[in-house]
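Some notes on the structure that comes next.
The values are calculated or read from the model by the stated rules, or taken from the named source; none is laboratory data. All of these numbers come straight from a predicted model, not from anything done at the bench. Every residue, glycine as well, gets a Cβ built from its backbone with ideal geometry; the counts of neighbours run over all protein chains shown.
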Amino acid sequence: MNYITGFFPGFSEKPGPSGPGLRRSNVSGRRVSSLRGPGVSGRRMLGLCGPVLALLFLLPELFSCSGPLIPRAYILKAPPLPESWGFLGPPSWHVEWIDSGGTWREEHIPQAAGDTLISIETGLWAAPVFAWPSWPGRELEKGIFRPAGAIVPFDCSGDKIMLSWQGGIDAFFYRELARLAWGSSRSPERFDWPRFRRLFLDESSGSTALSAEVRANPWLVDWAGVAEKTAASGFDRRRLVSAYTGSLTTPVPAAGPWAASNPFAALPTGDANWELKTASWVDTLVSPQGTAKVSQSGFVWKPWP
């Protein structure tokens, strides 16, 4: 039997079934859920600078092979928004990270927060960061639109940690795997994230591990389901397939422009009717007139008040 190795180093993975100045805030991240695991303490700071999300992190960095760990400051910036989201305006950001004790913490940064500095802590070597966009004034709360994200230290560039929409996939998979396999040989801290990302390179880069459909839109995959199977029997890239097995036809509910909650998704086409692929979870389409929810259970249109 062939084994897939390298995604968890040291373990064989058997395939399973298919601007200037900052003002200090007195608000700190709060506990979301507890996960037990090892970590190294370190101080972090987070800030919002003008229209660009910027978070200051102090991450442990090795001074020498035998020397102590010392902090280094990093700036984390949000990626450009998809062009189709433009009519929504600048978002608020809901930031989540994991601290040195394996506890998920969070902080909300409003649109008009100004320059803010708050202290956070994380010390895991491979540590995820989320930034969920939201537009509370439009009833588009955290969790409706897919997150940007990063895995530290792999997304470090000089003094910056660069959030990306692909990084949101990685951080989401990390969180689901941590929920199931924290402290085990398949803990996400041990996962080979650079190798995982190479699966999503296009064919011009020599990658044919995944279908073109999944490479173009990784949110087609049921990442919670993949995490469950990875925790049970190891990582198998053959599980990275589209979960959009349903379809429906619906009249176009209103005039555009339209924005999809998935930053990778192609917008539906058609003047009178839409042909939509569906999954078990809910996707959201937004226009200046309202929101549409779509899943295998059906299609619901809600005009703005």
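The table that follows gives values for the structure above.
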{"read-out": "Within region 100-124, considering residues that are out of contact with any Phe, Trp or Tyr (no Cβ under 7 Å at 6 or more places or on another chain) and at pLDDT 70 or above, the one nearest to Arg175 (Cα to Cα)", "value": "Trp104"}
{"read-out": "Enumerated helices (runs of 4 or more DSSP H) restricted to region 125-226, each holding at least 2 residues that are surrounded by fewer than 20 Cβ atoms within 10 Å (Cβ to Cβ), at negative phi and assigned by TED's automatic domain parsing to the domain that holds Ile98", "value": "165-181"}
{"read-out": "Residue that is surrounded by fewer than 14 Cβ atoms within 10 Å (Cβ to Cβ) and farther than 22 Å from Glu176 by Cα, where the choices are Ser247, Ser280", "value": "Ser247"}
{"read-out": "Checking Thr230 against (1) outside the structural domain of Phe130 (by TED's automatic domain parsing); (2) over 27 Å from Asp283 (Cα atoms), the condition it does not meet", "value": "(2)"}
{"read-out": "Test: residue in region 154-170 that is at pLDDT 90 or above, touching a Gly at 6+ places or on another chain (Cβ under 6 Å) and of a type in the set (Gly, Ala, Ser)", "value": "yes"}
{"read-out": "Of all residues making up region 267-301, the number that are in contact with a Pro (Cβ under 7 Å, 6 or more places away or on another chain) and assigned to a loop (DSSP other than H, G, I, E, B)", "value": "2"}
